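The numbers here are math on the coordinates, done by the rules we state, and not lab data. This structure is a prediction, so every number in the text was calculated from the model and none was measured. So basically every Cβ, Gly included, is an ideal-geometry build from the backbone, and we count neighbours across all protein chains shown.
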Amino acid sequence: MSTDLSQRAPAPGALGVVQQFLNSVDIASGTDVLRTSADVSAWFAERRLFSRPGEQQADALPEVGDADFGRVLQLRTALRDIAEGNLTGRAAPSAVETVNRIAALVPMAVRFDTDNTTLLTPLGEGAELAIGWILAITFDAMNTGMWQRLRLCAATDCRFAFYDASRNRTGTWCSMSTCGNRAKVRAYQQRQRGRALPA
């Protein structure tokens, strides 16, 4: 995972929470901050995903059951796979199917605000509510075109989810100075080896 935050600013607004969700597993170091149900509950609470608009989050953390814990990990994997498709323009059908299956289990509603805006909001409780927020934020980002800028680093030993704020949307690596530079060095070395082979 790149730690060069000066090169890639985090995703704006609520999409930053989804970006953090995708990066809660670190491929580079092999670490996962969502290893247990308690980890998931604390992670959701820290980001206030257990409350609805205008509500104050309860002091007691809701328990995350085994079924919800499994759904959270499945959702993270599926959303990472869909974000990977932002480089190619096509999401993996199996990942879309997983997200649709999980979304069907979460009650949602459209909320109308006085400024003539609408927001998809979850209606559940506990983990169901938190999962609903992840889905609602993703839904909104897809409809506004922001989701297409959320990508996985092309480096196979990184896969950090980064937000591509470039005008032409051609970002490939989370950081040019680390993953991008390593890729260029490898490509150069391969070209040099190819030239060194006998005719």
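For this structure, a couple of remarks:
- For peptides 127-140, 146-159, sequence by mean Cβ density within 10 Å, most packed first: 127-140, 146-159
- Around the Cα centre of segment 15-149, unit charges on the Cβ atoms of Lys, Arg, Asp and Glu (plus for the first two, minus for the last two) sum to a dipole of about 380 debye.
- Of the peptides 80-91, 55-66, the ranking by mean beta-carbon count within 10 Å, highest at the top, reads 80-91, 55-66.
- Cβ-based charge dipole, segment 15-149, positive-most Cα from 104, 144, 117: 144
- For the peptides 114-123, 35-44, the ranking by mean Cβ contacts within 10 Å, running from highest to lowest, is 35-44, 114-123.
- Karplus-derived 3J(HN,Hα) values for segment 96-105, using 6.51 cos²θ - 1.76 cosθ + 1.60 with θ = phi - 60°, are 4, 4, 4, 4, 4, 5, 5, 4, 5, 8 Hz; glycine and proline are entered as x.
- Each residue of segment 109-124 was assigned a 3J(HN,Hα) from its phi angle through the Karplus curve 6.51 cos²θ - 1.76 cosθ + 1.60 (θ = phi - 60°); the sequence is 8, 8, 10, 9, 10, 5, 8, 6, 10, 10, 9, 7, 10, x, 10, x Hz, with glycine and proline shown as x.
- Cα centroid separation, segment 15-38 to segment 46-60: 20 Å.
- Net charge contributed by nearby residues that have their C-beta within less than 14 Å of residue 118 (K/R +1, D/E -1): -2
- On full extension, the segment bounded by residue 55 and residue 74 gains 4.0 nm, given 0.36 nm per residue less the C-alpha separation.
- Prolate/oblate/rounded call for segment 15-149, Cα gyration tensor, a/c under 1.5 rounded: oblate
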